[in-house]
Amino acid sequence: MSKIFRSLFFAITLTLLFSANALAGPVLDRIVKTGELTVGTSHDFPPLHVKAKDGTIIGLDADLANGMAMAMGVKIKIVSMNFYDLLPALETGKVDMVVAGMTMTPERNLKVAFVGPYFISGQSILAKHETVVKLNDAEIAEKLEFILAVPKGSTSETITEAILPKAQILVAETMDKALDMVLTGKADAMMADTPFCVVADFRNKDKDLEVSQMFTFEPLGVALPANDVHLINWVENFFMTIQGNGTLEKLTKFWFTNPSWMKELP
Ligand code: GLN
């Protein structure tokens, strides 16, 4: 091999090596190399993610996270934290993705990538019958002065000012703490994703609560690091497959139409 040809060959090999590295997604690469997928979720939004009696996180989100790890052939590590800590954890690489009933808002999407929706949610209010009747009338709702608990960092927190400008807002650490404020009379109502309100209403039948109309349209998706096109592509194809083969529908039916899983809650 001539000297020039040899150095050319060396340069091409190097370029290929580097471009191969640049093409493989950095996060997906790490997941495969370490044999572990780290998924960030929260612990207070049944039936999507909730802490069971044995301390594990169960729900549709946990099933999706497990399904992805299985399809990748790696172990799953589910890390649960308060909802408002999830996006910072994703952006600093503490978790590989977030599966936490997260609404794909344009604002969040400027910072992270989303694949979805795997479920359509929205915000509802959980309150006593008289309050819900007033809130179901948009004109009355706009003028209603009442104390509303909202979970920190959620879309409930961001939309209330626009739709309920006269409400006095109490920001709670979690959905459960917002519910506590209603049950103990500290707040007149709470706002959260409709499925949470429906489950809370079901589990507190003696409290004479009711769930309002849905105030918003919220597509829930998986949040992913914006710099890993390969991982985003992998998750898109995973969801296309489980949507096409009926798995997502079966899982959704299990968690949303059959209350048997509630036995596992504390
Ligand atoms: N869907 C809501 C949001 O994205 C709340 C989700 C949650 O608290 N887990 O803000």
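Within the range 77-105, track down each residue that is within 13 Å of the ligand (Cβ to nearest atom) and among the β-branched types (Val, Ile, Thr).
Listed by number, the residues that qualify are Val98, Val99, Thr103, Thr105.
If you go through the range 165-174 one residue at a time, do you hit one that is more than 26 Å from Asn258 (Cβ to Cβ), in contact (Cβ under 8 Å) with a residue 60 or more places away in the chain and buried (at least 23 other Cβ atoms within 10 Å of the Cβ)?
No - not one qualifying residue is present in the range 165-174.
Before we move on, is Leu126 crowded, with 20+ Cβ neighbours inside 10 Å and within 12 Å of the ligand (Cβ to nearest atom)?
no
Report yes if some residue within the range 230-249 is more than 25 Å from Lys33 (Cα to Cα), among the charged types (D, E, K, R), surrounded by fewer than 14 Cβ atoms within 10 Å (Cβ to Cβ) and modelled with pLDDT under 95; otherwise report no.
no
Name every residue in the range 137-147 that is at pLDDT below 90 and outside any helix (DSSP H, G or I), in order of residue number.
Scanning the range 137-147 gives a single hit, Asp137.
Of the residues that make up the range 120-136, is at least one touching a residue at least 12 places away in the same chain (Cβ under 8 Å), within 24 Å of Met240 (Cβ to Cβ) and assigned to a strand (DSSP E or B)?
yes
Counting only residues that are touching a residue at least 60 places away in the same chain (Cβ under 8 Å) and either more than 16 Å from the ligand (Cβ to nearest atom) or among the aliphatic types (A, V, I, L, M) (or both), how many does the range 106-119 have?
3
Filter the range 177-196 down to the residues that are more than 16 Å from the chain's Cα centre (by Cα) and in contact (Cβ under 8 Å) with a residue 12 or more places away in the chain and list them by number.
Lys177, Ala178, Leu179, Met181, Val182, Leu183, Lys186, Ala187, Asp188, Ala189, Met190, Met191
Just a yes or no: is a residue in the range 136-155 among the acidic types (Asp, Glu) and in contact with a Pro (Cβ under 7 Å, 6 or more places away or on another chain)?
There is at least one residue in the range 136-155 that is among the acidic types (Asp, Glu) and in contact with a Pro (Cβ under 7 Å, 6 or more places away or on another chain).
Please work out which residue is farthest from the chain's Cα centre (by Cα), limiting yourself to the range 22-67 and to residues that are under 20 Å from Phe238 (Cα atoms) and in a loop (DSSP other than H, G, I, E, B).
Ranking the candidates gives Ala24 first.
How many residues are within 15 Å of the ligand (Cβ to nearest atom) and closer than 18 Å to Val182 by Cα when one looks only at the range 129-162?
Counting residues in the range 129-162 that are within 15 Å of the ligand (Cβ to nearest atom) and closer than 18 Å to Val182 by Cα gives 8.
Of the residues in the range 181-210, how many are among the small types (Gly, Ala, Ser), surrounded by 14 or more Cβ atoms within 10 Å (Cβ to Cβ) and away from the ligand (no atom under 12 Å from the Cβ)?
Number of matching residues: 3.
If the requirement is being in contact with an Asp or Glu (Cβ under 6 Å, 6 or more places away or on another chain) and of a type outside the set (Asp, Glu), which of these qualifies: Ile140, Ile169, Ile147?
Exactly one residue qualifies, and that residue is Ile147.
The values are calculated or read from the model by the stated rules, or taken from the named source; none is laboratory data. For clarity, every value in this text was computed on a predicted model and none was experimentally measured. All Cβ positions, glycine included, derive from the backbone under ideal geometry; neighbour counts span all protein chains shown.
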